[in-house]
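*Asks:* Mind looking over this structure? Questions follow.
The values are calculated or read from the model by the stated rules, or taken from the named source; none is laboratory data. Computed from a predicted structure; not experimentally measured. All Cβ positions, glycine included, derive from the backbone under ideal geometry; neighbour counts span all protein chains shown.
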Amino acid sequence: MRVAVLEDDPVQAAFVDETLSAAGHTCHGFSKGQALVHALRRETFDLLLLDWGIPDMTGKAVLEWVKQSGPERLPVIFMTAYGREDDITSILNAGADDYLVKPVTAGVLLARVAAVLRRTYALNPVAPKEVFGEFEFDLPLGQATKSGVRVPLTQREFALALLLFQNLGRPLSRAHITELVWKQAADIPSRTMDTHVSLLRSKLGLRPENGYRLAPVYGYGYRLEQLDAAGSESRGFDGGTGNSRGFDGGTDNSSAQRI
């Protein structure tokens, strides 16, 4: 699981990273709340682990942003030194899934993380199919169709295409794509990813004349956009453009119909 950790204490951050990484999770550390919110606009995570007393933007403010503008399903655990009963009830009532008072042992941290992930994803199982307009992805079979016609994709091409559609309109970093598509092959040549993107553009017809644009984001990664009839970006499949408000006034949106 990809876990975003908001913690400005280097020692505590290292403890969390070592503990969760040893259990097979991938940790992404942030020492500032604004940096985490920025990452949430661009990348996907399976769990947030938040400290409260972050100078630039408190963990509670990040939680409020997630509940208002973030992904629909994103569990949040607080791990903080604030242990008063009113602090705990305030955070839980604001939408956090669990609350840990420091210091926390590795065993307790792993047990609480496992419990929250189990509750969240057992109640919200992955759908067997995901549909994005004319594109349908059969997850168990690893097959994609366009307007009912099967498109021959390799396993890696399928994973890359699905990731791009799940994050329609969002710029995805090369590091993020590598982590989720190439898994352990973190040192893949840059040209390898470029080649896979080019093949997807051709096989799926992801070109402006077909209503899509799959383009590089200079110095960062790639973004898949849906275009309207006039050729401008239109991220939603319902005929409108979605909007989610953030602290910097930007917008972000992606949509999919799950079967």
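*Asks:* Which of the residues belonging to the range 16-27 are surrounded by fewer than 17 Cβ atoms within 10 Å (Cβ to Cβ) and not small (Gly, Ala, Ser)?
*Replies:* Pass one, the range 16-27, residues surrounded by fewer than 17 Cβ atoms within 10 Å (Cβ to Cβ): 18, 21-24, 26.
Answer for the range 16-27, where residues must be surrounded by fewer than 17 Cβ atoms within 10 Å (Cβ to Cβ) and not small (Gly, Ala, Ser): Glu18, Thr26.
*Asks:* I'd like to check which helices (runs of 4 or more DSSP H) are fully inside the range 1-111 and have at least 2 residues that are under 30 Å from Lys183 (Cα atoms) and not assigned by the TED database to the domain that holds Phe165.
*Replies:* Working: elements: 10-22, 33-42, 59-69, 85-93.
So the answer is 10-22, 33-42, 59-69.
*Asks:* If you don't mind, there's one more thing I want to ask. Taking Arg170 as the residue in question, decide whether it is modelled with pLDDT under 95, out of contact with any Leu (no Cβ under 9 Å at 6 or more places or on another chain) and closer than 27 Å to His28 by Cβ. Working first, answer last.
*Replies:* Numbers: modelled with pLDDT under 95: yes; out of contact with any Leu (no Cβ under 9 Å at 6 or more places or on another chain): no; closer than 27 Å to His28 by Cβ: yes.
Spelling it out, it is not the case that Arg170 is modelled with pLDDT under 95, out of contact with any Leu (no Cβ under 9 Å at 6 or more places or on another chain) and closer than 27 Å to His28 by Cβ.
*Asks:* Would a scan of the range 129-149 turn up a residue that is in a loop (DSSP other than H, G, I, E, B) and in contact with a Phe, Trp or Tyr (Cβ under 6 Å, 6 or more places away or on another chain)?
*Replies:* Taking the range 129-149 as the starting set, the residues that turn out to be in a loop (DSSP other than H, G, I, E, B) are 133-134, 139-142, 147-148.
Subsequent filtering for residues that are in contact with a Phe, Trp or Tyr (Cβ under 6 Å, 6 or more places away or on another chain) retains 133, 142.
For the range 129-149, residues in a loop (DSSP other than H, G, I, E, B) and in contact with a Phe, Trp or Tyr (Cβ under 6 Å, 6 or more places away or on another chain): present.
*Asks:* Right, here's the next one. Does the range 195-205 contain at least one residue that is in the same structural domain as Phe158 (by the TED database), touching a Ser or Thr at 6+ places or on another chain (Cβ under 9 Å) and either at negative phi or assigned to a strand (DSSP E or B) (or both)?
*Replies:* Taking the range 195-205 first, the residues in the same structural domain as Phe158 (by the TED database) are 195-205.
Checking which are touching a Ser or Thr at 6+ places or on another chain (Cβ under 9 Å) leaves us with 196, 199.
Still in the list and also either at negative phi or assigned to a strand (DSSP E or B) (or both): 196, 199.
Within the range 195-205 (the criterion being in the same structural domain as Phe158 (by the TED database), touching a Ser or Thr at 6+ places or on another chain (Cβ under 9 Å) and either at negative phi or assigned to a strand (DSSP E or B) (or both)), the answer is yes, since at least one residue qualifies.
*Asks:* Right, something else. When the residues of the range 150-185 are filtered to those that are in a strand (DSSP E or B) and either free of Cβ contacts under 8 Å to residues at least 60 places away in the same chain or basic (Lys, Arg) (or both), which remaining residue is surrounded by the fewest Cβ atoms within 10 Å (Cβ to Cβ)? Give the derivation first.
*Replies:* So in the range 150-185, the residues in a strand (DSSP E or B) come out as 150-151, 171-173.
Adding the requirement that they be either free of Cβ contacts under 8 Å to residues at least 60 places away in the same chain or basic (Lys, Arg) (or both) leaves 150-151.
Values: Arg150: 12, Val151: 18.
By that ranking, first place goes to Arg150.
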